[in-house]
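Structure first, commentary second.
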Amino acid sequence: MKEPEKAILCYMNITKAQFKNVDLNFDINYHFHLEVEKLVAGEKAILRAEKKRNVLINNFWGENISSVNVLAGSNGSGKTSILHTIIHNIRRGLTAMNGEKIVYIVNVDGKYIVDHNYSCFDVEEEIIKKVDIEIIDREDYFEQFRKIEEYRGEYTNKHFWNNIIFYSNYFGYRYSLNDSNYIVNVSKDKEISRIFNESVDINGVHDSSFIQKTYHKEQYKKILSFMFDPEFKQLAVELDIQLPELIIFSWNENKFEEIIKEMPKIQLKREKFNEEWINYKRLEKHLIKAGRYIDGSKSNYESAINKFSIFMIYKIYKEKIISEDYVQSFIEKLSETEELTGVEILYEILEGLQLQSSRFNGWMELVSLLNNKHNWWILRWQDTDSFVVKWEEKDLEIIRKQFNIADTNFYNCDLGSNEGKGQFSSGEEARVNFLVSMYEALQQVKKFKNNNNRLLLLLDEVDVYYHPQLQISMVDEILRTVSLVFKEYQVQIIFSTNTPLELSDIPNHNIIYLDKGVVLEKIGELATFGGNICTLLKNNFFINSSMGVFAKKKINQVIEFLNNPSTSQIGKEEVKYIISIIAEPIIKEKLENWYNQEYPEDVLDIKLKEEIYQQKIMELETYIKKSKMVDESILDKLQGDLQELSLLIGKIKKV
């Protein structure tokens, strides 16, 4: 029996939690709307639709991307909840708990198929005349739902089965979707959820440091598993993504000192070394010239290598691979040699043993890699608590092992790029991880039997760790990555974002604007595609203030001071400083003028000061003329201002 065609998701209507009869339109041809009428007993839902005025031309997004829609809104607007609602209801059948109401429409070979859980549902007659539409019978839906409830088999959604890919960049565990029998879930939060459950210490507390380190270790393992796959390597080249060619060893200096205290034989030789564990003989012969370092970075790298060598021999001794005599021999040589580094000495010792065991071989492989000075990658800002080593495809198994055996109590391993700075930035790492996740999803999709070539790709805040410049190019990045990775498939993309920086690449009718579970239709009139990003940023939907909240608080404190200094939280000097650094010219000018009026004695410009005093005298004279009774303090103030003005006029005449 032929597998039915997979579908395009066209529409969802949600009533659950913060969503009240919310329309979500993804179709390229029609705009659907659900009207719900209250009846004496229950509700009646009527589906309406109108033809879209702006229909995108074929292949607008690329040959194998059928459509792109965006859920835009601030944190808490409901974006992630909508993506999860799509997944939960398509994968298992419609839920009907706690009064939840769901409608979704899919398009299969040109036919619109409606699934819902309303007791009374109808379609506007005009739609039936124009659109090839089919409504799934309520009885059929509940029969499927009963199968799930009675564990008589899984709900098989013939239109989406195993064709949803979900990727979330959220670093957490609350929203994890682990049920890979229904979807291809390559989300960060899926990995975090698994690690979270393994991270409880003896006191029942989750170790956040363990979670973070383990997550990065698992990601590195995935990268290593794909990076020499010819297809994956070609994808990275075409997408201009730098794959790792370096491994970074780093550790906590306090942990290193703890190891030294455990090894008396090493501790006894401490005076033979400088603070960074290079013996004085070698330091003077190779690293110092005319009383200064020839190369501080090189000396710091050697220091790091020596420290790591001390750690390695400590671990090899603790694993009972060597006796304490070898530790003694190692530290004697390290304290006296003028020619060798710690790793070279350790290599000589291990090579002479000629042992055969998996643990010994593992250490021997690592020491051999570090012993090759051609692999040393010395950074311009090299420190003494880490070092970087270059590696090649032939070293892959050694590098893989490091992410399995690394002693996280002492040292960590990270992958890095060879672009001169060693470590990936968070944005660069996010790009690599996104490619890895999409390629991982592709491998899973290929395993499904009777699978056709249509996919629904849901992306939740891919841009979280991107610099604004990368966010601007993010849509293009997604389109290029998805087009290349899933080149044998037709892909529908729905992604969420809380920044407007990507929307200049999206036609406005492909954007759903959300605010606390409500779709904002008026914002839908905003022109976005090819729009000025600065203009989009100014829209109140994204930013309802043109100034940072902290800056606004400080300016308000200035205003409070100028109104009533006695009750102000800040003093005169801070007021002057805040006014001086305000960038907005109109606000700055207004506050400066206000301050000068209140404190003319602080004005440096003599002529300006004269004008201010003359203005103040005129105001006081006017006040006196209008008042029947004059307070003595007013007269004193007038006399003081006149004296100041007289002194200023004298100064001006001298000039």
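The values are calculated or read from the model by the stated rules, or taken from the named source; none is laboratory data. As the structure is a computational prediction, the values presented were derived from the model and not from experiment. Glycine also receives a Cβ, built like all others from the backbone with ideal geometry; neighbour counts cover every protein chain displayed. Protein only, heavy atoms only, side chains kept; ligands, DNA and RNA dropped before computing areas. Shrake-Rupley method; radii C 1.70, N 1.55, O 1.52, S 1.80 Å.
Here are some notes:
- The one condition from (1) assigned to a helix (DSSP H, G or I); (2) open to solvent by 30 Å² or more (accessible area, probe 1.4 Å); (3) closer than 23 Å to TRP376 by Cβ that ILE305 does not meet is (2).
Yes/no matrix, rows are residues, columns are (1) assigned to a helix (DSSP H, G or I); (2) surrounded by 11 or more Cβ atoms within 10 Å (Cβ to Cβ); (3) within 56 Å of the chain's Cα centre (by Cα); (4) modelled with pLDDT of 85 or more:
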| position | (1), (2), (3), (4) |
| --- | --- |
| VAL575 | yes, yes, yes, yes |
| GLU589 | yes, yes, yes, no |
| TYR595 | yes, yes, yes, no |
| LEU604 | no, no, yes, no |
| ILE624 | yes, yes, no, no |
| VAL630 | no, yes, no, no |
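- A count restricted to region 501-528 and to residues that are open to solvent by less than 10 Å² (accessible area, probe 1.4 Å) and modelled with pLDDT under 85 stands at 4.
- Check on GLU35, at pLDDT 90 or above, open to solvent by 60 Å² or more (accessible area, probe 1.4 Å) and of a type outside the set (Val, Ile, Thr): yes
- Qualifying residues in region 423-455 (those that are open to solvent by 50 Å² or more (accessible area, probe 1.4 Å) and closer than 19 Å to PHE226 by Cβ) - the one modelled with the highest pLDDT: GLN443
- Selection within region 456-490 - open to solvent by 10 Å² or more (accessible area, probe 1.4 Å) and of a type in the set (Val, Ile, Thr): VAL464, ILE472
- Within region 228-262, considering residues that are open to solvent by less than 10 Å² (accessible area, probe 1.4 Å) and in a loop (DSSP other than H, G, I, E, B), the one nearest to LYS333 (Cα to Cα): PRO244
- Filter result for SER580 (under 32 Å from the mean Cα position of the chain (by Cα), at pLDDT 85 or above and among the small types (Gly, Ala, Ser)): no
- Just one of the numbered conditions (1) in contact (Cβ under 8 Å) with a residue 12 or more places away in the chain; (2) open to solvent by 30 Å² or more (accessible area, probe 1.4 Å); (3) assigned to a helix (DSSP H, G or I); (4) not hydroxyl-bearing (Ser, Thr, Tyr) is not true of ILE266: (2).
Residue by residue, here is whether (1) assigned to a helix (DSSP H, G or I); (2) in contact (Cβ under 8 Å) with a residue 12 or more places away in the chain; (3) among the hydroxyl-bearing types (Ser, Thr, Tyr) holds:
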residue	(1), (2), (3)
VAL436	yes, yes, no
GLN444	yes, yes, no
LEU455	no, yes, no
LEU458	no, yes, no
VAL462	no, yes, no
GLN471	yes, yes, no
SER483	yes, yes, yes
GLU488	no, yes, no
SER496	no, yes, yes
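- Test for LEU47: is it more than 34 Å from the chain's Cα centre (by Cα), modelled with pLDDT of 90 or more and open to solvent by less than 10 Å² (accessible area, probe 1.4 Å): yes
- Residues of region 270-286 that turn out to be in contact (Cβ under 8 Å) with a residue 24 or more places away in the chain, over 44 Å from the mean Cα position of the chain (by Cα) and surrounded by fewer than 18 Cβ atoms within 10 Å (Cβ to Cβ), as a count: 4
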